[in-house]
Amino acid sequence: MDAVSIREVAPRDGLQNEEPIPADDKVLLIDALSRTGVRRIEAVSFVHPRAIPQMADADEVWARAWHNPEVRYSALIPNKRGAERALAAGFREIEVVVSASDTHNRRNLNRSTAESLDDIGVLIPLVHDAGATLEVIVATSFGCPFEGDIDPLRVASIVDRVRADGADRIAFGDTTGMATPRRVRDLLSVVRPDLLHFHNTRGAGLANVLTGYELGVREFDSSVGGIGGCPYAPGASGNIATEEVVHMLEDMGIATGVDLEAMIDVAAMAEKMLGRTLPSGVLRAGPRTRLV
């Protein structure tokens, strides 16, 4: 049976784009996700609280959360200070973002893409010296709300640069939900990532996962309930829902290791925490095929 690895990103990517919720709820969410069988969780981001107030309590949340020894936890950082905080907190899997779109990079990080790449070149040895790994996420890989189409060769040049600098892993971020199976094929025919991160703004998220899988990618990001998005990308809506990805793949005979019923229960819990209906509510409402 073929298999894929799913990284659950709701505690960071999801909650970062919601109104701030109490640390107690964030801890409950991480703990519940850690019991679903998912093997990777993006737990927090270490950013300045003025920039992302939803993550202001990252140190507290991570200190209080249950660290399942069977789960790999990662943290997103924007700069050297964020990396130092993440490493001090005990993270050994660090992520950093750079946009293929220069305009989006300036909106998101207040610097050009070239400046971010220079910063990443400095971060890599800092992270490696601490015994950790650095994953570079290339945002707007499939299109930008400000610049439109992104040339796959530009994405490839960014990958070449960070790999030469020593990056451990590469992920491509859809960011705005502009990806389609055609765009996925066009980009992956030029350069291949380790992981794909799709949004579902235009409803093509699951189709894009399937296309990426058919092209050989075996790692994907998703967010329970479909929560999350991008505050610096006009028109972007939520991530693809983990329970929907699991349902599709398992029904196809592709193992995820995730307990679908447990993940659906976590989605219902997250819905109560946020006080609103989440995008994946149809799957929870049933009827649905019980996968065995």
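The values are calculated or read from the model by the stated rules, or taken from the named source; none is laboratory data. Computed from a prediction, not measured in an experiment: that's the story for all the values here. Every residue, glycine among them, receives a Cβ derived from its backbone with ideal geometry; neighbour counts consider all protein chains shown. Accessible surface areas use protein heavy atoms only, side chains included; no ligands, DNA or RNA. Shrake-Rupley method; radii C 1.70, N 1.55, O 1.52, S 1.80 Å.
Hey, can you tell me all the residues within the stretch 134-153 that are of a type outside the set (A, V, I, L, M, F, W, C) and either in contact with a Leu (Cβ under 9 Å, 6 or more places away or on another chain) or surrounded by fewer than 18 Cβ atoms within 10 Å (Cβ to Cβ) (or both)?
Within the stretch 134-153, the subset of a type outside the set (A, V, I, L, M, F, W, C) is 135, 140-141, 143, 145, 147-149, 151-152.
GLU135, SER141, GLU147, GLY148, ASP149, ASP151, PRO152, listed by residue number.
Would you be able to say whether some residue in the stretch 138-151 is on the phi < 0 side of the Ramachandran plot and assigned to a helix (DSSP H, G or I)? Break it down into steps so the answer makes sense when it comes.
Start the filter on the stretch 138-151 by keeping residues that are on the phi < 0 side of the Ramachandran plot, which leaves 138-139, 141-142, 144-147, 149-151.
From what's left, assigned to a helix (DSSP H, G or I): none.
No, every residue in the stretch 138-151 fails to be on the phi < 0 side of the Ramachandran plot and assigned to a helix (DSSP H, G or I).
Could you pull out the residue among LEU206, LEU196 that is outside any helix (DSSP H, G or I), touching a helix residue (DSSP H, G or I) at 6+ places or on another chain (Cβ under 8 Å) and in contact (Cβ under 8 Å) with a residue 12 or more places away in the chain?
Details: LEU206 fails: outside any helix (DSSP H, G or I).
Result: LEU196 is the single residue among LEU206, LEU196 that is outside any helix (DSSP H, G or I), touching a helix residue (DSSP H, G or I) at 6+ places or on another chain (Cβ under 8 Å) and in contact (Cβ under 8 Å) with a residue 12 or more places away in the chain.
Assess whether ALA3 counts as being touching a helix residue (DSSP H, G or I) at 6+ places or on another chain (Cβ under 6 Å) and within 30 Å of LEU215 (Cα to Cα). Show your work before the answer.
Numbers: touching a helix residue (DSSP H, G or I) at 6+ places or on another chain (Cβ under 6 Å): no; within 30 Å of LEU215 (Cα to Cα): yes.
Taking the combined requirement at face value, the residue does not satisfy it.
Which numbered condition in (1) of a type outside the set (Phe, Trp, Tyr); (2) open to solvent by 40 Å² or more (accessible area, probe 1.4 Å); (3) modelled with pLDDT of 95 or more is the only one that ILE170 fails?
(2)
Under 9 Å by Cβ, and 6 or more places apart or on different chains, what pairs join a residue from the stretch 30-52 that is within 15 Å of ALA86 (Cβ to Cβ) with one that is open to solvent by 10 Å² or more (accessible area, probe 1.4 Å) and of a type in the set (Ser, Thr, Tyr)?
What qualifies is ILE41/TYR73; GLU42/TYR73; ALA43/TYR73; VAL44/TYR73.
For residues in the stretch 173-190 being aliphatic (A, V, I, L, M) and touching a Pro at 6+ places or on another chain (Cβ under 7 Å), which is least open to solvent (accessible area, probe 1.4 Å)? Even if it seems obvious, please write down each step before you answer.
Initially, the stretch 173-190 is screened for residues aliphatic (A, V, I, L, M), giving 178-179, 184, 187-188, 190.
Applying the additional criterion that residues be touching a Pro at 6+ places or on another chain (Cβ under 7 Å) yields 187, 190.
Working: LEU187: 4, VAL190: 71 Å².
Result: LEU187.
Condition first: surrounded by fewer than 17 Cβ atoms within 10 Å (Cβ to Cβ) and under 17 Å from VAL266 (Cβ atoms). Can you find one or more residues in the stretch 45-67 that meet it? Give the derivation first.
Step one: list which residues in the stretch 45-67 are surrounded by fewer than 17 Cβ atoms within 10 Å (Cβ to Cβ), which gives 48-51, 53, 56, 59-60, 63-64, 66-67.
Subsequent filtering for residues that are under 17 Å from VAL266 (Cβ atoms) retains 66.
Yes: the stretch 45-67 contains one or more residues that are surrounded by fewer than 17 Cβ atoms within 10 Å (Cβ to Cβ) and under 17 Å from VAL266 (Cβ atoms).
Looking at ALA130, ALA156, which one is surrounded by fewer than 17 Cβ atoms within 10 Å (Cβ to Cβ), within 18 Å of ARG92 (Cβ to Cβ) and touching a residue at least 24 places away in the same chain (Cβ under 8 Å)?
Working: ALA156 fails: within 18 Å of ARG92 (Cβ to Cβ).
Step by step, each of ALA130, ALA156 is checked, and only ALA130 is surrounded by fewer than 17 Cβ atoms within 10 Å (Cβ to Cβ), within 18 Å of ARG92 (Cβ to Cβ) and touching a residue at least 24 places away in the same chain (Cβ under 8 Å).
Given the criteria buried (at least 16 other Cβ atoms within 10 Å of the Cβ) and at positive phi, does GLY228 qualify? Steps first, please.
Values: buried (at least 16 other Cβ atoms within 10 Å of the Cβ): yes; at positive phi: yes.
Considered against the rule, which asks whether it is buried (at least 16 other Cβ atoms within 10 Å of the Cβ) and at positive phi, GLY228 comes out as yes.
Can you tell me how many residues in the stretch 77-111 are within 19 Å of LEU33 (Cα to Cα) and open to solvent by less than 20 Å² (accessible area, probe 1.4 Å)? Don't jump to the end; show me each part of the working.
Filtering the stretch 77-111 down to residues within 19 Å of LEU33 (Cα to Cα) leaves 91, 93.
Those left that are additionally open to solvent by less than 20 Å² (accessible area, probe 1.4 Å): 91.
The qualifying residues number 1.
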